[in-house]
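As structure tokens, the structure follows; a few thoughts come after it.
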Amino acid sequence: MVSLGDSLSQALGLILSLDPDVVQTVWTSLSVSLVAVLLAALMGIPLGCLLALARFRGRRFALTLLNTLMALPTVVVGLLLYGLLSRQGPLGPLGLLFTPTAMVLGQLVLAIPIIAHYSVSAVAGADARILPTLQTLGAGRCRSLCLMLCELRFVMLAGVVAGFGRVIAEVGVAMMLGGNIRGSTRTMTTAIALETSKGEFVFALSLGVVLMLVALLVNLVLNFWQQR
């Protein structure tokens, strides 16, 4: 029986040798997750600002719904989108199922509530005098909001990082909407699950190491920017 130390050594060898399967799987994970989280930031940050600043009927319900969606199981998201994108579904003619685009859509649904929640907390916790002061100094409402977001950029960035961590580590959406197709939609998490079940522990371990390194690198970059 191969020991864990030997398996880890072999896994590091696969990483350092830039094994094609490892590189392809890592690239698929990173590209899909980065696209999803960038789109989620473009939607989630304005949504969070709207919920934090606007006063309208149903706002409390909207905030409750947002908090609920943060804990939405990934398999439920995958199931709902599978029904929409399958051949019998309303979006079936688009042929998106088992493509990277379908995976991006699923991860988008997972990331938006997290980024929006961080945005709500950041804007609600900011000094209430910021917007009135900026408007008194002559800045328009839109410019005032942009300047306030600039002041809160590190909190917003933390939300984006949290959203990225949520989507790159999930399995349900990637498996159900991507189909775990080698060279196309196989991500690190789905490959880890598949290869472990096949007994390919070294390959799965190499992807697990890369996944941990990605998470560590993202958090190091965030901490560096915050300290600057």
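The values are calculated or read from the model by the stated rules, or taken from the named source; none is laboratory data. Remember, predicted model here, so these are calculated numbers, not experimental data. No Cβ is skipped: glycine too gets one built from the backbone with ideal geometry, and neighbour counts run over all protein chains shown.
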Residue ID - nearest to the chain's Cα centre (by Cα), chosen from residues in the range 37-86 that are small (Gly, Ala, Ser) and within 24 Å of Cys150 (Cβ to Cβ): Ala40
Residue in the range 166-177 that is nearest to the chain's Cα centre (by Cα), counting only those that are of a type outside the set (Val, Ile, Thr) and assigned to a helix (DSSP H, G or I): Arg166
Are any of the residues in the range 178-191 part of a helix (DSSP H, G or I), more than 30 Å from Asn67 (Cα to Cα) and of a type outside the set (Phe, Trp, Tyr)? yes
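Name the residues in the range 179-201 that are out of contact with any Phe, Trp or Tyr (no Cβ under 6 Å at 6 or more places or on another chain) and surrounded by 18 or more Cβ atoms within 10 Å (Cβ to Cβ), would you?
Asn180, Thr185, Arg186, Thr187, Met188, Thr189, Thr190, Ala191, Ile192
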Just wondering, is there one or more residues in the range 76-85 that are at pLDDT 90 or above and either farther than 24 Å from Asn180 by Cα or touching a strand residue (DSSP E or B) at 6+ places or on another chain (Cβ under 8 Å) (or both)? no
Checking the condition among the small types (Gly, Ala, Ser), in a helix (DSSP H, G or I), modelled with pLDDT of 90 or more and buried (at least 16 other Cβ atoms within 10 Å of the Cβ), which residue from Gly159, Gly163 passes? Gly163
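Quick one: count up the residues across the range 192-204 that are hydrophobic (A, V, I, L, M, F, W, C) and part of a loop (DSSP other than H, G, I, E, B). Give the derivation first.
Within the range 192-204, the first condition is being hydrophobic (A, V, I, L, M, F, W, C), and the residues that meet it are 192-194, 201-204.
Next cut, part of a loop (DSSP other than H, G, I, E, B) only: none.
Here the count works out to 0.
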Considering only the range 1-45, how many residues are outside any helix (DSSP H, G or I) and touching a helix residue (DSSP H, G or I) at 6+ places or on another chain (Cβ under 9 Å)? 2
For the range 5-62, which positions are within 16 Å of Val167 (Cβ to Cβ), aliphatic (A, V, I, L, M) and without any contact (Cβ under 8 Å) to a residue 40 or more places away in the chain? Leu38, Leu42
If only one of Leu207, Leu216, Leu149 is at pLDDT 85 or above, hydrophobic (A, V, I, L, M, F, W, C), buried (at least 17 other Cβ atoms within 10 Å of the Cβ) and not in a loop (DSSP other than H, G, I, E, B), which one is it? Leu207
Just wondering, is there one or more residues in the range 108-127 that are more than 23 Å from Val37 (Cα to Cα), part of a helix (DSSP H, G or I) and at pLDDT below 95? yes
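Out of Gly95, Gly89, I need the residue that is exposed (fewer than 13 other Cβ atoms within 10 Å of the Cβ) and farther than 24 Å from Phe164 by Cα. Which one?
Gly95 is the lone residue from the list that is exposed (fewer than 13 other Cβ atoms within 10 Å of the Cβ) and farther than 24 Å from Phe164 by Cα.
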